[in-house]
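The values are calculated or read from the model by the stated rules, or taken from the named source; none is laboratory data. What you are looking at is a predicted structure, and each value in this text was computed from that prediction instead of being measured. FYI the Cβ positions are ideal-geometry reconstructions off the backbone, even for glycines, and counts take in every protein chain you see. These accessible areas exclude ligands, DNA and RNA; they are computed on the full protein's heavy atoms, side chains included. Shrake-Rupley method; radii C 1.70, N 1.55, O 1.52, S 1.80 Å.
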Amino acid sequence: MATTMVYDTMRLYVGSDQYVVQPTEANQSLVIDRITRELNIVEGSSDIPAYSTSKNIYGIVGIIRLLSGPQLVVITDRVLVGEINGHLIWMITKTEVLPYARSNLHLNTQQQQDDKTYEAMLKAALEIKGLYYSTSYDLTHTLQRLYNTSAEFSSIPLAERADQRFVWNHNLLRELKHQADLSLYTLPIMCGFIAIKPVSMKGHNFTYVLVSRRSVFRAGTRYNVRGLDSDGHAANFVETEQIVEYDYTKCSFVQTRGSIPLSWSQHVNLKYKPKPKINDTNHQKLFNDHFSGQIYNYGKQVLVNLVNLTGSEGRLAYEMEQQVLRAANSNMRYEAFDFHKECSPSWSRLSVLMDRLAADQQQFGYLMVNKTASEVRQQKGVFRVNCMDCLDRTKRSRRATG
């Protein structure tokens, strides 16, 4: 089994002046002073706070500051999703928010009401299905990114080496990350979807893994968040990786999706389908900023646009194509496919699109690494797909949140 890089199971003691977190696999404790707000590691046996209650926890989400003061957020329940390369992968099913302050009497009436609103918002965010973590594996990186790292990379604390685009509790970890001795309590959490399934085919057994990582940048709900922000981050960007593990050989294929890479909006009104509006801004700069990052991270890009090529959506498709032409980047190709028009009779018409992309797929390849790493193939590019909404539909039960 893989070496733990963050403590797994811990006992949390709740005292009137302290929170004490004791890992089951180490002879030390994390002591959080609820009065001074200091965080300290105590080696050996720690004194348990008098009149304390206790419970098992499975990780620290982090510390968030509300009007009433700091709140400690911990994982109180989880389910095992499976293993990736021998590492246990967990989905969070329950959390708890523990205030440092013993009451909110230091707040006035309005502040107390506001604080309750913020608490409700925090709990709603924590109840979102699709929060995952591993105490020994970096879920935020693809197999190819991990394969191409240096030997020193594995010695960097898990939260420090994670791809910050996909660490959803980054802000909550700030206080923990400021103290190097707390790295074994600092757990990066990914939002998205993970499925790990055993498969048997023609007498061969292998493991199929699907990982979708939602970016923390410009995330939002349908209609409310569209296009690129001022830094070139696309709304609802998702990196999806397919992994096959067979007889010590691992293969990985990555693709991405995100909102149409322009500055545009689609404000909700009384109409069933509000018309999109293209904003008056420097689209070329934002477009180039977005794809300079995409090319750096993934290599060559094929931009697969699935929106309607007529009507109000057609204006967006036209402008997107113009930006590709103006960029004149040899690492980028545009492929438009009117999904609704082409596939309304039958989804079998997707074969038309697949035929158009076949040469690119052959050129891009996929990652393959055997047990000894003596045979290695690498993926050289990705398909970046967009429709209008770009919701994360990897998990069928997801609503319009992504």
Check your understanding: When ligands, DNA and RNA are left out and all protein chains stay put, how many square angstrom of accessible area per residue does the chain have with a 1.4 Å probe?
Key -> 51
Exercise for review: Give Lys300/Lys380; Lys250/Lys371; Lys197/Lys250; Lys202/Lys371; Lys94/Lys123 a once-over and call out the pairs whose C-alpha atoms are over 18 Å from each other.
Suggested key: Lys202/Lys371
Practice item. Within the range 33-105, list the GluC sites (Glu not before Pro) lying in a DSSP loop whose Cβ has at most 14 other Cβ atoms in a 10 Å radius. Key: Glu38
Revision key, fill the gap. Largest-first ranking of His170, His267 by accessible area, probe 1.4 Å, whole protein assembly kept, is His267, His170
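Write down the percent of antiparallel bridges among all DSSP beta bridges whose residues are both part of the range 217-401, to the nearest 5. If you can, show how the numbers build up before the last one.
Values: 17 of 30 bridges.
Around 55 percent of the beta bridges assigned by DSSP in the range 217-401 are antiparallel ones.
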Point to revise | Candidates Phe364, Phe337, Phe153, ranked by Gaussian network fluctuation over the chain, Cα under 10 Å, top entry | key: Phe153
Exercise for review: List, in order, the whole-Hz ³J(HN,Hα) value for each residue of the range 20-25 obtained from phi through the Karplus relation with A = 6.51, B = -1.76, C = 1.60 and θ = phi - 60°; use x for Gly and Pro.
Suggested key: 10, 10, 10, x, 6, 9
Exercise for review: Note the full-extension length gain between Ile41 and Ser344 as 0.36 nm times their separation in residues minus their Cα-Cα distance, in nm to one decimal.
Suggested key: 103.0 nm
Review point. Given H placed 1.01 Å from N in the peptide plane, which residues other than close sequence neighbours of His141 have an amide H under 5 Å from its amide H?
Key: Asp163
Review point. Roughly how many percent of the accessible protein surface of the range 192-284 is carbon and sulfur, given a 1.4 Å probe and a whole-percent answer?
Key: 53
Study note, to complete from the structure: Amide H proximity to Val61 below 5 Å, modelled H, separation 5+ or other chain, gives Val73, Val74, Ile75
Point to revise | Rg and Dmax [Cα atoms of the range 217-401; Å; Rg one decimal, Dmax integer] | key: 17.5, 60
Study note, to complete from the structure: Counting sequence-distant residues (5 or more places) and residues on other chains, those with an amide H built under 5 Å from that of Tyr334 are Leu303
Point to revise | Share of carbon and sulfur in the accessible heavy-atom surface of the range 10-161 [1.4 Å probe, %] | key: 50
Practice item. Output ³J(HN,Hα) for the range 31-44: one whole-Hz value per residue in order, computed from phi by the Karplus curve 6.51 cos²θ - 1.76 cosθ + 1.60 with θ = phi - 60°, and x for Gly and Pro. Key: 10, 10, 7, 6, 8, 7, 6, 7, 10, 9, 8, 10, 7, x
**Study point:** Whole-Hz couplings from phi, Karplus 6.51/-1.76/1.60, listed for the range 82-87; x for Gly and Pro
**Key:** x, 10, 10, 6, x, 9
Check your understanding: Using alpha carbon centroids, what distance separates the range 189-266 and the range 321-376, in Å?
Key -> 16
**Study point:** Heavy atoms of Tyr318: accessible area, 1.4 Å probe, square angstrom to 10
**Key:** 130
Practice item. Go through (1) 124, 41, 39; (2) 70, 59, 36; (3) 67, 43, 40 and flag the label whose value is the computed Cα extents along the principal axes in Å for this structure. Key: (2)
**Study point:** Of the GluC sites (Glu not before Pro) in the range 122-183, those whose Cβ has at most 13 other Cβ within 10 Å and which sit in DSSP loop
**Key:** Glu127
Practice item. Let me know the shape class of the range 175-302, please: from the alpha-carbon gyration tensor, a ≥ b ≥ c as square roots of the eigenvalues, rounded when a/c is under 1.5, otherwise prolate if a/b is greater than b/c, or oblate. Key: prolate
